[in-house]
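> Before I ask anything, let me first share the structure, which is written out below as structure tokens.
The values are calculated or read from the model by the stated rules, or taken from the named source; none is laboratory data. What you see is a predicted model, and the numbers here were worked out from it, not measured in a lab. Neighbour counts run over all protein chains shown; Cβ positions are idealised from the backbone, glycine included.
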Amino acid sequence: MSVFLHDTLTREKREFVPADPKRVTLYVCGPTVYNYAHIGNARPVVVFDVLFRLLRRVYGAGAVVYARNITDVDDKINQAAIEQGVDISAITDKFTAIYHQDMDALGALRPTVEPRATAHIAEMLALIGAMVQRGHAYAADGHVLFDTASFADYGQLSGRSLEDMIAGARVEVAGYKKNPADFVLWKPSKPGEPVWDSPWGPGRPGWHLECSAMIEKTLGPEIDIHGGGHDLIFPHHENEIAQSRCAHDQPVLARYWVHNGFLTMDAEKMSKSLGNVKLVHELIKRVPGEVLRWALLSGHYRAPLDWTDTLIEQSRKSLDRLYGALQRAGDVEAPPGEPPQAFVEALEDDLNTPRAMAELFALAKTLETAKSENERRSAKAALLGAGALAGFLQADPDAWFSGAADDDLRIKVEGLLAERIEARKAKDWPTADRIRDELNALNVVVMDGPDGATWRLRDSNPT
Ligand SMILES: [Zn+2]
């Protein structure tokens, strides 16, 4: 079977056929680095990480080029730099490093290339020049604007007509625009903001332009897949298409457009604890990153995902079940093997992660009910191999359950558990109850299974 992806532009699920299977190109719009990443911003990172891993499996690890940009010049960055009295790079370097750490904790592979906007100003100016020359852009009042009326396909991706856009309240109306839907390619810098020279006067680029410039520089004028959050379809991706196609008179920018749905935050449902923590940086201090990754992939990527305490708790339980099966198979020597066909097919079918997760549970069950050593070995290898393809289950199961505990605590808990077994055998319920209370006070959760008890530390909640 081959990979199928839902393409936003044609509005259908299509078989993925790269232009060149030896160099498959994927571009995803990256972060604006002026603050900590919100959990909603982590959803595309994790979703496209699964796609990246899948493409690497199909075409070979060296054949997939994944570019994700860093927006390091922007109004919010400029504002933060002015407020703190520092150069923008002081802000962007700090938050780029934090972003890397946080996304690493979610098990996301780093992209192949990570171009920065400020390193591509010359490429952006060249694109503007080409658009002006072809009659798709014009200079007015220190700005350069894209002339939307000059591009017949404008609105095709988002399914909007130019009339709708003009009527839309979100379009900024300025006197120097020929048409209210025209968007900024270059604008004058405000006092204190970074500034670059250009044939149209000193200033800085409009946000949409950087992606067109960096796509062309890092991947080429036409790419296989362009991804991002659903909220970027309009105006950002619509404008990327307009710029890239009009600068070079080319029919296509990306052959497949893939967009993930929103993370919905129901204030009432998350009023109590974890669901209320919105920054990845804070969440990973309280919950293993793998639990957050599981939660983010538990729904189909195109659908909205309701972010709640229950979702996080259930994700923890799901991974506990899978790691529990691996822990009980600790005696079986089995490196990660070939993931089963049904698991791979689920991912190849427009990244159906919920179906793939169901396959992981089926594999765990096979492992737990296997009779012979051979069956156990192949079931464990399959479970580990499937987990690896989706970025799960690569931790040491013992560390998973007691990872946050230090050696003293570990010895104490093991001792109490041994005492508990004896007390239960002797039907000494007062002692068993006392031990339970002691474990509880140590923040230890005990999970009784057919082969004895496993334990882990309770995930800490914000106070
Ligand atoms: Zn972009």
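> Contact list please: Cβ distance under 9 Å, first residue in region 131-149 and touching a residue at least 24 places away in the same chain (Cβ under 8 Å) and crowded, with 19+ Cβ neighbours inside 10 Å, second residue small (Gly, Ala, Ser) and assigned to a strand (DSSP E or B), pairs at least six apart or on different chains.
Listed pairs, sorted by first residue: Met131/Ala137; His143/Gly203; Val144/Ala137; Val144/Gly203; Leu145/Ala137; Leu145/Ala139; Phe146/Ala137; Asp147/Ala137.
> Only residues that are farther than 20 Å from Pro115 by Cα and among the polar types (S, T, N, Q): list them for region 6-53, please.
Of everything in region 6-53, those that are farther than 20 Å from Pro115 by Cα and among the polar types (S, T, N, Q) turn out to be Thr8, Thr10.
> Moving on. Given the conditions (1) at pLDDT 95 or above; (2) over 18 Å from Leu296 (Cα atoms), report the number of the one that Asn35 does not fulfil.
(1)
> In region 328-344, which residues are among the charged types (D, E, K, R) and surrounded by 15 or more Cβ atoms within 10 Å (Cβ to Cβ)? Even if it seems obvious, please write down each step before you answer.
Let us first name the residues in region 328-344 that are among the charged types (D, E, K, R), namely 328, 331, 333, 338.
Arg328 - this is the single residue of region 328-344 that is among the charged types (D, E, K, R) and surrounded by 15 or more Cβ atoms within 10 Å (Cβ to Cβ).
> Here are Leu5, Leu54: which of them is touching a Lys or Arg at 6+ places or on another chain (Cβ under 8 Å) and away from the ligand (no atom under 16 Å from the Cβ)? Full working, then the answer.
Values: Leu54 fails: touching a Lys or Arg at 6+ places or on another chain (Cβ under 8 Å).
Of the residues listed, the single one that is touching a Lys or Arg at 6+ places or on another chain (Cβ under 8 Å) and away from the ligand (no atom under 16 Å from the Cβ) is Leu5.
> Could you pull out the residue among Glu313, Glu338 that is touching a helix residue (DSSP H, G or I) at 6+ places or on another chain (Cβ under 9 Å), modelled with pLDDT of 95 or more and of a type outside the set (Val, Ile, Thr)? Walk me through it before giving the result.
On the way: Glu313 fails: modelled with pLDDT of 95 or more.
Unique residue meeting the criteria: Glu338.
> In addition: Are any residues in region 189-223 in a strand (DSSP E or B), crowded, with 20+ Cβ neighbours inside 10 Å and more than 16 Å from the ligand (Cβ to nearest atom), and if so, which ones?
Within region 189-223, the first condition is being in a strand (DSSP E or B), and the residues that meet it are 196, 203-205, 223.
From the residues that got through so far, the ones that are crowded, with 20+ Cβ neighbours inside 10 Å too are 203-205, 223.
Answer for region 189-223, where residues must be in a strand (DSSP E or B), crowded, with 20+ Cβ neighbours inside 10 Å and more than 16 Å from the ligand (Cβ to nearest atom): Gly203, Arg204.
> When the residues of region 57-77 are narrowed to those that are within 16 Å of the ligand (Cβ to nearest atom) and hydroxyl-bearing (Ser, Thr, Tyr), which ends up surrounded by the most Cβ atoms within 10 Å (Cβ to Cβ)?
Tyr66
> Quick one: in region 78-92, which of the residues that are touching a residue at least 12 places away in the same chain (Cβ under 8 Å) and under 25 Å from Pro111 (Cα atoms) is surrounded by the fewest Cβ atoms within 10 Å (Cβ to Cβ)?
This residue is Ser89.
> Something else now. Among what's in region 18-32 and is of a type in the set (Val, Ile, Thr) and within 14 Å of the ligand (Cβ to nearest atom), pick the residue that is surrounded by the fewest Cβ atoms within 10 Å (Cβ to Cβ).
Looking only at region 18-32, we keep the residues that are of a type in the set (Val, Ile, Thr), and these are 24-25, 28, 32.
Subset that is within 14 Å of the ligand (Cβ to nearest atom): 28, 32.
Details: Val28: 25, Thr32: 22.
Among those that are of a type in the set (Val, Ile, Thr) and within 14 Å of the ligand (Cβ to nearest atom), it is Thr32.
> For region 366-378, check the following and say yes or no: at least one residue is within 27 Å of Val46 (Cα to Cα) and either surrounded by 15 or more Cβ atoms within 10 Å (Cβ to Cβ) or out of contact with any helix residue (DSSP H, G or I) (no Cβ under 6 Å at 6 or more places or on another chain) (or both).
Quick first cut of region 366-378, residues within 27 Å of Val46 (Cα to Cα) only: none.
No, region 366-378 contains no residue that is within 27 Å of Val46 (Cα to Cα) and either surrounded by 15 or more Cβ atoms within 10 Å (Cβ to Cβ) or out of contact with any helix residue (DSSP H, G or I) (no Cβ under 6 Å at 6 or more places or on another chain) (or both).
A quick yes/no check of all residues on (1) under 30 Å from Leu109 (Cβ atoms); (2) assigned to a helix (DSSP H, G or I); (3) not β-branched (Val, Ile, Thr):
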{"site": "Ala386", "(1), (2), (3)": "yes, yes, yes"}
{"site": "Leu393", "(1), (2), (3)": "yes, no, yes"}
{"site": "Asp398", "(1), (2), (3)": "yes, yes, yes"}
{"site": "Arg410", "(1), (2), (3)": "no, yes, yes"}
{"site": "Glu414", "(1), (2), (3)": "no, yes, yes"}
{"site": "Ala432", "(1), (2), (3)": "no, yes, yes"}
{"site": "Arg436", "(1), (2), (3)": "no, yes, yes"}
